[in-house]
Amino acid sequence: MRRECPWLWKVESRRLLWLLGLTFALIVTFQYIELPYAISSIFSSTKIPISRNSTSLIGDSTSAMAPSPLGDDEEVEVDQIFDSTVNSSAPAISPITATLPPLLPAPSAKSPAALPGLNPSLVKENATSPAPSAKPPAALPGLNPSLVNATAPAPSVEAPAALPDLNPSLVKENATAPVASAKAPVALPGINPSPVKENVTLPTTSKVPERNPTKKNVGDASSIVRFVPDVKENAKMPASGVMSISDMSKQLRQNRISHNRLAKKPKWVTKPDLELLQAKYDIENAPIDDKDPLLYAPLYRNVSMFKRSYELMEKILKVYAYKEGNKPIMHSPILRGIYASEGWFMNIIESNNNKFVTKDPAKAHLFYLPFSSRMLEVTLYVQDSHSHRNLIKYLKDYIDFISAKYPFWNRTSGADHFLAACHDWAPSETRTHMAKSIRALCNSDVKEGFVFGKDTSLPETYVRDPKKPLSNMGGKSANQRPILAFFAGKPNHGYLRPILLSYWGNNKDPDLKIFGKLPRTKGNKNYLQFMKTSKYCICAKGFEVNSPRVVEAIFYDCVPVIISDNFVPPFFEVLNWESFAIFIPEKDIPNLKKILMSIPERRYRSMQMRVKKVQKHFLWHAKPEKYDMFHMILHSIWYNRVFQISV
């Protein structure tokens, strides 16, 4: 017996080693392949998954902060997260996991019964989204210091009672969500202190100081983990380089059903995610209802889906608006002029009595980034520098800060965050570091990275009197409009208007009133009179595709004639624009009159009637009203989030 014991010990030892090795291999396999998140979370419930395309904001490290020699639009990918306490080549966090602080207690949640298309292993009973342990910067210009130590509360939530197709037996119980533990740097680099203080003198010709790209001060700051999207979806342009309205509609449908999701799956599932999935199911299966007296069916792609979606938005949507950030760039609404859309939206969403806003970010379906693209340009742009890098960097630093302070950006890579920006530069300023966020843009140009099904077109509105935004609304009836078409605007504003004026300006045709800039009159009466007495109002692009004349034409009961290739019209997700507007390719300017004269009188009258009916969607009210501009902007953002949600 004594002789057999060593041999048996060797055999058992080998078996034990094989078993341990096999177990380790399974753990590694679960960590690195796309198996259900709930299974892998058994082994990593206190770990943070690190995306390959993550960035690290470390002092003055050249790898993260040095300006790219390829220009503003260069998208930088950093494969490692560097340790701030040693040299920049040493990894700070393991590529597999990172230790987390203690998690907040999990609230009670009741799992749904069934939900279509939901991977049951990803849904976690009592899932929470606790805020990470993050010390905010000691001196962070542009952020409200009184809110620096705020934390995100974990609410008590109850999921929808009946969600189709979800197998409750596979829902994990008492699971908690992994959240990053990150300390913000002592001084967040690259933000100019002057633009974020109250009553600041705005720069004109003085150059904003930039950091020395060769300077290294790694030891002064810890790394901030922020997940950067690794998929960038752009619309496929036709061979001609011009995307027609029908092409845009096709691209929107393709993106809706594409297997390449517009948004990544969240890193953990919350009650708001389940509510969005339920809303998606309800909207897709909306009962036919085309007899609503407030909604004229021909104006919409699908009036039943729009009505059901709007009802659900009013019922359940909650938005969290970040409080961080000081004026003038953050929380500074502009209510007058051509940038008024972003200002009016900001002013209403941040008002104290807005029913969509929640103070509890864990209950939010959407997160609002409250910056003004106009004030960003006025405050930070260095005249004649032809560089937007410091503007882009300001927004990047803001995202880095909130992603360190809260877990919400990192949970979805920013897919449930949105912005409303009306300045021409907003697409280029936001398409890298906010690539996965929902962008409501006035400059909705397909060629500048507008993503159908994710981004939405923000109406550009020219508000002359913020106290009376609806003054002079309306125009003559269809039979009291003797002018065939009208346009007036700066003649040197872009390449298109000189072409339009060369063919039709200077009274070359008595039926077409095409002018450069009209003489200024009190109340702009000449301009308004032409808009109110013309059948068609020409909306010709300027330097960019957008123009306030689109909304002005609707405001004055004039049928819009949009001459702007690759322009995505506002509320494109739900409105059938071809039912009340004319789209003419830029190359067809020589045939402008022929095209307009070929439209039968009966069709014109029908379109003008529809312009009046769609008008309510393009009006600002100090106190928002049902279906008005504020609600339509918010609905487009909500609608895109609903249809890109995936868990």
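Scanning region 321-335 for residues that are open to solvent by 10 Å² or more (accessible area, probe 1.4 Å) and within 22 Å of W620 (Cα to Cα) returns H331, S332, P333, I334, L335. In region 541-588, the residue that is least open to solvent (accessible area, probe 1.4 Å) out of those that are more than 22 Å from G475 (Cα to Cα) and basic (K, R) is K541. Close Cβ contacts (under 6 Å, 6 or more residues apart or on different chains) running from residues in region 292-320 that are among the basic types (K, R) to residues that are in a helix (DSSP H, G or I) and open to solvent by less than 40 Å² (accessible area, probe 1.4 Å) comprise R308/I283. Out of the residues in region 495-514 that are more than 23 Å from D565 (Cβ to Cβ) and touching a residue at least 12 places away in the same chain (Cβ under 8 Å), state the one that is surrounded by the most Cβ atoms within 10 Å (Cβ to Cβ). Looking at residues that are more than 23 Å from D565 (Cβ to Cβ) and touching a residue at least 12 places away in the same chain (Cβ under 8 Å), I get K513.
Those residues that are within 18 Å of R308 (Cα to Cα) and not aliphatic (A, V, I, L, M), I need them from region 631-647; list them, please. Correct list: H631, H635, S636, W638, Y639, N640, R641, F643, Q644. Any residue that is in contact (Cβ under 8 Å) with a residue 12 or more places away in the chain, within 30 Å of K323 (Cα to Cα), part of a loop (DSSP other than H, G, I, E, B) and not aromatic (F, W, Y) - is there at least one of those in region 467-480? Yes, region 467-480 has at least one match.
Scanning region 285-317 for residues being in a helix (DSSP H, G or I) and under 30 Å from M607 (Cβ atoms) gives a total of 14. Looking at (1) part of a loop (DSSP other than H, G, I, E, B); (2) modelled with pLDDT under 95, find the lone condition where E544 falls short. In the conditions (1) part of a loop (DSSP other than H, G, I, E, B); (2) modelled with pLDDT under 95, E544 misses (2) alone. If you go through region 318-367 and keep only what is in a loop (DSSP other than H, G, I, E, B), farther than 25 Å from D397 by Cβ, of a type in the set (A, V, I, L, M) and out of contact with any Cys (no Cβ under 8 Å at 6 or more places or on another chain), you end up with just L335.
It is to be established whether one or more residues within region 608-623 are closer than 30 Å to N352 by Cβ, among the charged types (D, E, K, R) and without any contact (Cβ under 8 Å) to a residue 12 or more places away in the chain. Checked against the condition, which is being closer than 30 Å to N352 by Cβ, among the charged types (D, E, K, R) and without any contact (Cβ under 8 Å) to a residue 12 or more places away in the chain, region 608-623 yields at least one hit.
Total residues in region 379-412 satisfying the condition of being open to solvent by 10 Å² or more (accessible area, probe 1.4 Å) and assigned to a loop (DSSP other than H, G, I, E, B): the figure is 8. Picking from residues in region 274-318 that are polar (S, T, N, Q) and open to solvent by less than 40 Å² (accessible area, probe 1.4 Å), the one that is farthest from F643 (Cα to Cα) is S304.
Only residues that are open to solvent by less than 40 Å² (accessible area, probe 1.4 Å), of a type in the set (K, R) and outside any strand (DSSP E or B) were counted in region 437-466, giving 1.
Consider only pairs whose beta carbons are under 7 Å apart and that are at least six residues apart or on different chains; among these, list those whose first residue lies in region 266-290 and is within 22 Å of K307 (Cβ to Cβ) and whose second residue is part of a helix (DSSP H, G or I) and open to solvent by 60 Å² or more (accessible area, probe 1.4 Å). Listed by first residue and then by second, the contacts come to D282/R308; I283/R308; A286/R308. When residues of region 433-473 are filtered for being touching a strand residue (DSSP E or B) at 6+ places or on another chain (Cβ under 8 Å) and of a type in the set (D, E), how many remain? Result for region 433-473: 2.
The listed residues are F450, F487, and the only one of them that is within 28 Å of V559 (Cα to Cα), modelled with pLDDT of 95 or more and more than 16 Å from the chain's Cα centre (by Cα) turns out to be F487.
Of all positions in region 629-644, none carries a residue that is over 19 Å from S457 (Cα atoms) and at pLDDT 95 or above.
The values are calculated or read from the model by the stated rules, or taken from the named source; none is laboratory data. Source: prediction; values computed, not measured. When we count neighbours, we look across all protein chains shown, and the Cβ atoms used for this are built from the backbone with ideal geometry, even at glycine. Calculation scope for accessible area: heavy atoms of the full protein, side chains included, ligands and nucleic acids excluded. Shrake-Rupley method; radii C 1.70, N 1.55, O 1.52, S 1.80 Å.
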